[in-house]
Amino acid sequence: MSHPTIVTMPGDGIGKTVLPEALRVLDRTGFRASYVHADIGWEFWCREGNALPARTVDLLAKHRVGFFGAITSKPKAEAAAELDPALRDRGYTYFSPIVGLRQRFDLDISIRPCQSFPGNPLNFIRRKGDGFEEPRVDVVIFRQNTECLYCGVEWTNPPSTVRAALETHPRMAAFRHVASPDLAVSCRIYTRPACRRIVEAAFAHAAKHGYRSVTVCEKPNVIRETSGMMLSEARIVKARYPDIALWDTNIDAQTMWLTKDPENYGVIVSGNMFGDIISDAFAGLTGGLGFAASANLGRDCAVFEPTHGSAPKYADYPVPIVNPIATILTAAMMLDHLGEADRAEAVRRAVADVVREGRVRTYDMLRLKGSPDALRQGAASTTQMTDAILARL
């Protein structure tokens, strides 16, 4: 049996710390693959003017599976200031490399599971009578990954042709007297095929895994055209799934309801920006970003990434303290994608066992400040957490 080749992209900051830990776990399961390193991230923006070098795109185009760590992104002015002086004023513009990968390879389906592990001290609890209860959270977010506000169609000081086109809309009358240099525009673009594909994926997942509902989390009462398109496509797809309920919630109300009764929700589907928001919000109920895994899936290419950032302030500690579980759970999602469901489930069971036992906890699980002192206060290092999971495997 041939082994897959996986393009590893550690990226920035703690991405270089946690990705090797996940590779140790993959090896312990008996999974066999070839790994090829690829350059991505802030240092390549600063040095080359491109955080996603063409050589990395070529590797992923060849091998079709990527495992990604974390990325540093900074606002426009800060990004320009850190560019190599020899490259400044030559038209280089920073663009998020992970967003670039999603668009370049049409990785339009993002799957972000948010599931609580029994025994995790970071799990959501709520008051009940004179005591407290800990509801089981088992939610999977399906985020449309290539469109919406993240598509990158935006301007400050829009060209006259863009300005003229916008002013054909009557609502632009409110901005008629704003000078173009003082006007910034970002386009929220949805397409019907992309809406249909993400909704179909959400319903198929719900049917396969026994979820009783799919919730469209958008804002169609205000953002009528784009959110309305997502909801209308969901109603069409729902007709093929009579046993699965279709709910729709507004993003603002959903962020309130998820802390009232999160156990009521199963599969949630959103556009790019709202999906980003609601997946982080649900992750906060199940341990935070140290437990948040994700997959970016296209028709013939996939990139797997934990959803946390690069956290550069933690990257250079003599002994790493960050929680590797998000990246390890991401590796399990990659195993599922590669047809290794038994190994994927073994990884999730090992993580669940370590969390339930509670003997090994990283600083975030102990609610300690993220500093080297956390180790002296009883927190496990990154390596110690991985070692505990390896022992369970």
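The values are calculated or read from the model by the stated rules, or taken from the named source; none is laboratory data. Just so it is clear, the structure is predicted and the values come from calculations on it, not from any experiment. Counting neighbours? That spans all protein chains shown, and the Cβs are built from the backbone with ideal geometry, glycine included.
Only residues that are over 15 Å from PHE291 (Cα atoms), within 25 Å of the chain's Cα centre (by Cα) and among the aliphatic types (A, V, I, L, M): list them for the range 359-379, please. Within the range 359-379, LEU368 is the sole residue that qualifies.
Residue-wise test of (1) modelled with pLDDT under 95; (2) over 23 Å from the mean Cα position of the chain (by Cα).
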| residue | (1), (2) |
| --- | --- |
| PRO75 | yes, no |
| PRO85 | yes, yes |
| VAL99 | yes, no |
| ILE109 | no, no |
| ARG112 | no, no |
| LEU122 | no, no |
| GLY129 | yes, yes |
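The listed residues are THR259, THR286, and the only one of them that is in contact (Cβ under 8 Å) with a residue 40 or more places away in the chain and within 30 Å of ARG376 (Cβ to Cβ) turns out to be THR286. The requirement of being over 33 Å from the mean Cα position of the chain (by Cα), surrounded by 11 or more Cβ atoms within 10 Å (Cβ to Cβ) and among the charged types (D, E, K, R) is fulfilled nowhere in the range 140-154; no residue meets it. Can you find a residue that is touching a helix residue (DSSP H, G or I) at 6+ places or on another chain (Cβ under 6 Å) and in contact (Cβ under 8 Å) with a residue 40 or more places away in the chain anywhere in the range 245-256? No: zero hits.
For the range 170-195, what are the residues that are in a helix (DSSP H, G or I) and either exposed (fewer than 11 other Cβ atoms within 10 Å of the Cβ) or in contact (Cβ under 8 Å) with a residue 40 or more places away in the chain (or both)?
Within the range 170-195, PRO170, ARG171, ALA173, ALA174, PRO181, ASP182, ARG192, PRO193, ALA194, CYS195 meet the criteria.
Based on this model, can you work out whether ARG143 counts as closer than 17 Å to PHE274 by Cβ, in a strand (DSSP E or B) and among the basic types (Lys, Arg)? When the stated conditions are applied, ARG143 passes them.
Every residue, every condition in (1) modelled with pLDDT of 95 or more; (2) closer than 25 Å to PRO220 by Cα; (3) more than 31 Å from the chain's Cα centre (by Cα); (4) not assigned by TED's automatic domain parsing to the domain that holds PHE105, yes or no:
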| position | (1), (2), (3), (4) |
| --- | --- |
| ALA164 | yes, no, yes, yes |
| THR168 | yes, yes, yes, yes |
| VAL178 | yes, no, yes, yes |
| ASP182 | yes, no, yes, yes |
| ARG196 | yes, yes, no, yes |
| GLU200 | yes, yes, no, yes |
| PHE203 | yes, yes, no, yes |
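The residues listed here are VAL99, VAL25, VAL18, VAL57; of these, the one that is in contact with a Lys or Arg (Cβ under 7 Å, 6 or more places away or on another chain), assigned to a helix (DSSP H, G or I) and in the same structural domain as ALA331 (by TED's automatic domain parsing) is VAL57. Scan the range 45-52 and give yes if some residue there is in contact with a strand residue (DSSP E or B) (Cβ under 6 Å, 6 or more places away or on another chain), among the aliphatic types (A, V, I, L, M) and either within 14 Å of PRO10 (Cα to Cα) or surrounded by 23 or more Cβ atoms within 10 Å (Cβ to Cβ) (or both), otherwise no. Checking the range 45-52: not a single residue is in contact with a strand residue (DSSP E or B) (Cβ under 6 Å, 6 or more places away or on another chain), among the aliphatic types (A, V, I, L, M) and either within 14 Å of PRO10 (Cα to Cα) or surrounded by 23 or more Cβ atoms within 10 Å (Cβ to Cβ) (or both).
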